[in-house]
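Shown next, in structure tokens, is the structure this report addresses.
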Amino acid sequence: MNSITLSIADLLNDTEYGLDLVLHAGERGLGHRVHSSRIQKPGLALTGYTDYLHPDRVQVLGNTEISYLRQLPQQQAATNIAKLCQFPISCFIITKGLVPPEILRDETEKAGIPLLVSPHQSSTFISLITKFLEERLLPTTHIHGVLVDVLGVGVLLLGKSGIGKSECALDLVIRGHRLVADDVVYVKKKMPAALVGQAAEAIQYHVEIRGLGIINIKNLFGVSSIREKKIIDMVIELVEWDPDHEYDRLGIDDEFYRILDIEIPYIRIPVRPGRNLTSIIEVAARNHLLKGMGYHSARELQEKLMARMEVRPLGDEVE
């Protein structure tokens, strides 16, 4: 798992989320790191009360905070801001396109704390930067496998190289399902407990089929055959058939596969000649949807059999 942080320069250089930030002071602090997606409005800290200040968070100053600073006596404002700038603050961002007070600009420049301005209203900007930070600071990892969308179920196929994951994905696409990623699946943790998988940009839409080479699924089958990203709902591992191994034949006990500390329903499917893996995967996806509606076929059958045995115990059969 990657431990991700962002620099203030990353915020300043954003073009995707529309933060529209302009630097006014503290350029030497652009390397400061942001670790949390939470922001803070330091209203109380501007009065000199800094007990609950979180300097590691982005500090947002709106019209209320700037108006308060302007109406303070100059000496008191200078004292409060100087005290605030003694903390290792990541950055200050002023909203609504307001002109930073000179004393704030001077103190942030002296302390090397970036002072940025956005033209957005405070509520709009807080929404934008929270989304930006949540997306960019999410825990991530990458997995060798194939991710497909089967009937709306995100199925992550695992297994050693050459076992047939890509061939299964191709067959599923031919049946009308959709490819998300082949070979390398990049996974992001979406709070509170969801995993989103997508392909590496360089190999997006491509699948490697041994003996055929690399093919472009989007070009061959159209845009309806691919997805940019998909929540991972279940993991299916393809394993070589071992005649000495006892495989689960009932499916009563659910197994789980842990990715980024999230447990995903897990199934192990043995591979041998004559088994139609694509149909098995498709049925597994349908069964997953059924379980999500509260129906567990194996457990229901077990309960029926147990109830029948209680009504007519073994040994009471009529000869």
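Here are a few things to note about the model shown:
- Within region 284-305, the set of residues being without any contact (Cβ under 8 Å) to a residue 60 or more places away in the chain and open to solvent by less than 40 Å² (accessible area, probe 1.4 Å) comprises His296, Ala298.
- Pairing each residue of region 33-52 that is closer than 18 Å to Met191 by Cα with any residue that is among the aliphatic types (A, V, I, L, M) and open to solvent by 40 Å² or more (accessible area, probe 1.4 Å), provided the two are 6+ apart or on different chains, yields C-beta distances under 8 Å for Ile39/Ile126.
- Residue pairs whose Cβ atoms lie under 7 Å apart, sitting 6 or more positions apart in sequence or on different chains, and linking a residue in region 169-196 that is under 15 Å from Ser279 (Cβ atoms) to a partner that is surrounded by fewer than 18 Cβ atoms within 10 Å (Cβ to Cβ) and not β-branched (Val, Ile, Thr), do not occur here.
- Residues in region 138-170 that are out of contact with any strand residue (DSSP E or B) (no Cβ under 7 Å at 6 or more places or on another chain) and crowded, with 18+ Cβ neighbours inside 10 Å: 1 in all.
- Candidates Ile129, Ile93, Ile113, Ile103, filtered to the one that is in contact with a helix residue (DSSP H, G or I) (Cβ under 8 Å, 6 or more places away or on another chain), open to solvent by 10 Å² or more (accessible area, probe 1.4 Å) and either β-branched (Val, Ile, Thr) or under 26 Å from Ser225 (Cβ atoms) (or both): Ile103
- Taken over region 203-228, residues that are touching a His at 6+ places or on another chain (Cβ under 6 Å) and open to solvent by less than 70 Å² (accessible area, probe 1.4 Å) amount to 1.
- One residue stands out among those in region 160-180 that are in contact with a helix residue (DSSP H, G or I) (Cβ under 8 Å, 6 or more places away or on another chain) and closer than 16 Å to Ala284 by Cβ: the one that is modelled with the lowest pLDDT, which is Gly164.
- Against the numbered list (1) part of a strand (DSSP E or B); (2) over 30 Å from Thr79 (Cα atoms), Cys168 comes up short only at (1).
- Any hit, region 306-316, residues being under 34 Å from the mean Cα position of the chain (by Cα) and either farther than 29 Å from Ile163 by Cα or open to solvent by 90 Å² or more (accessible area, probe 1.4 Å) (or both): no
- From the list Leu23, Leu6, Leu46, the lone residue that is under 25 Å from the mean Cα position of the chain (by Cα) and at negative phi is Leu6.
- Matching residues, region 171-198, being more than 12 Å from the chain's Cα centre (by Cα) and surrounded by fewer than 23 Cβ atoms within 10 Å (Cβ to Cβ): Asp171, Val173, Ile174, Arg175, Gly176, His177, Arg178, Asp183, Val184
- Within region 267-285, being outside any loop (DSSP other than H, G, I, E, B) and under 13 Å from Val239 (Cα atoms) holds for Ile267, Arg268, Ile269, Pro270, Val271, Leu277.
- Considering Ile281, Ile252, the condition of being closer than 17 Å to Arg175 by Cβ, of a type in the set (A, V, I, L, M, F, W, C) and touching a residue at least 12 places away in the same chain (Cβ under 8 Å) is satisfied by Ile281 alone.
- Restricting region 1-57 to residues that are of a type in the set (Ser, Thr, Tyr) and not in a loop (DSSP other than H, G, I, E, B) leaves a set whose member that is surrounded by the most Cβ atoms within 10 Å (Cβ to Cβ) is Ser7.
- Per-region count, region 15-54, residues under 30 Å from Ile262 (Cα atoms) and not aromatic (Phe, Trp, Tyr): 10
The values are calculated or read from the model by the stated rules, or taken from the named source; none is laboratory data. Nothing here was measured: the structure is a model prediction, and the numbers come from that model. Positions of Cβ are backbone-derived with ideal geometry, glycine not excepted, and every protein chain shown enters the neighbour counts. Calculation scope for accessible area: heavy atoms of the full protein, side chains included, ligands and nucleic acids excluded. Shrake-Rupley method; radii C 1.70, N 1.55, O 1.52, S 1.80 Å.
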